[in-house]
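Everything on this sheet refers to the single structure shown next.
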Amino acid sequence: MAMHFDVIIEPSTITAIIGPSGAGKSTLLNLIAGFETAKSGRIVIAGADVTHAAPSERPVSMVFQDNNLFAHLDVAANVGLGRKPNLRLDETDKVAVAEAIGKVGLSGKEHRKPEALSGGERQRVAIARALVRNRPVLLLDEAFASLGPALRHEMLDLVGDLQEETGMTVVMVTHHPGDALRLRSGLVFLDNGKIVASGLAADLLSTNAPTLLRKYLGAEESEL
């Protein structure tokens, strides 16, 4: 299926991406991150054309659903990987790691291994690792999909607080439209590889929603 995306995401905002399975949500995130290459068009971040830049050269961090933690490393080391992959951390690095761990509410658990953490705590570690990379754009690819409602809301509130504190741009894929309302975010609705609607979540998730979006929302509710 050919996919055509044309969207502007304002800096220092939160934007949720929703849509049916296979609509292209993760593909859009992967294009921004550089894990997939666009066949045409441009990807511009902070005024710089990064269309052909390697993922490591882009001002982007990404958190996935499975959090990608290393089981043999403790919290501090897993977070430190975001700073230096060889874990040869100087004092400045160690301070940044400690600050990130504190920001996500895991102070005192620096020496625990992932197996000793809850699902929500493991995702907090993944977010802390993204924070120490000090990139202005944070991508969340269904990062909280495996969590129950209470934990997911807790993680969303954490992201909202971190975004407000740092001013970073957050783009998140979610299957829960209510996540966008909780964060008072922007919303991008994809269907069949195209952006069908974009705007404020509060506006789009109302009675004035476009027809395709209303159908999607109705299908989501019927599956609950």
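The values are calculated or read from the model by the stated rules, or taken from the named source; none is laboratory data. Predicted model only: the values in this text are computed from it and were never measured. Backbone-built Cβ (ideal geometry, glycine too); neighbour counts: all protein chains shown. Each accessible area value is taken on the protein alone, full model and side chains, heavy atoms only, with ligands, DNA and RNA left out. Shrake-Rupley method; radii C 1.70, N 1.55, O 1.52, S 1.80 Å.
Comparing Thr92, Thr13, Thr27 in a Gaussian network model of the chain (Cα springs below 10 Å), the most mobile by mean-square fluctuation is Thr92. Here the sum of -39500 (n - 2.57) over DSSP H runs of 4 or more residues, divided by the residues of the chain, equals -11000 deg cm²/dmol at 222 nm, to the nearest 500. If you run the Gaussian network model on the chain, springs between alpha carbon atoms under 10 Å, then out of Ser26, Ser61, Ser107 the most flexible one is Ser107. Per residue, the range 1-70 exposes 56 Å² of solvent-accessible protein surface, assessed with a 1.4 angstrom probe and all protein chains in place.
What shape does the range 42-174 have by the C-alpha gyration tensor, where a ≥ b ≥ c are the square roots of the eigenvalues, rounded means a/c under 1.5, and otherwise prolate means a/b greater than b/c and oblate the rest? Oblate, since a/c reaches 1.5 and b/c is not below a/b.
Dividing the alpha-carbon radius of gyration of the chain by the rule-of-thumb value 2.2 N^0.38 Å gives 1.03. First compute the accessible area of the chain with a 1.4 Å probe, then give the percent of it belonging to carbon and sulfur atoms. Carbon plus sulfur share of accessible area: 50 percent. Counting Lys and Arg as +1 and Asp and Glu as -1 over every other residue whose Cβ lies under 13 Å from the Cβ of Gln65, the net charge comes to 0. Under the rule a/c < 1.5 gives rounded, and otherwise a/b versus b/c splits prolate from oblate, where does the range 114-178 land using the Cα gyration tensor? Since a/c reaches 1.5 but b/c is at least a/b, the shape of the range 114-178 is classed as oblate.
For the residue pairs Lys39/Lys194; Lys39/Lys84; Lys25/Lys103; Lys25/Lys194, alpha carbon separations beyond 20 Å are given by Lys39/Lys84; Lys25/Lys103. Mean separation of Cα pairs under 8 Å and 6 or more residues apart, divided by the residue count, gives the range 18-72 a relative contact order of 25 percent. Here's the list of aspartates and glutamates a cross-link from Lys215 could span, going by alpha-carbon distance under 14 Å and ignoring same-chain residues fewer than 8 apart: Asp191, Glu223. Bridging of Lys113 to aspartates and glutamates at a Cα separation below 12 Å is possible for Asp74, Glu121, once same-chain residues fewer than 8 apart are set aside.
Using a cutoff of 8 angstrom between alpha carbon atoms and counting only pairs six or more residues apart, the relative contact order for the range 65-179 works out to 30 percent. With all protein chains kept in place, the per residue accessible area of the range 102-170 amounts to 44 square angstrom at a probe of 1.4 angstrom. Can you grab the distance from the C-alpha centre of the range 132-161 to the C-alpha centre of the range 58-89, Å, no decimals? Between the Cα centres of the range 132-161 and the range 58-89 lies a distance of 16 Å.
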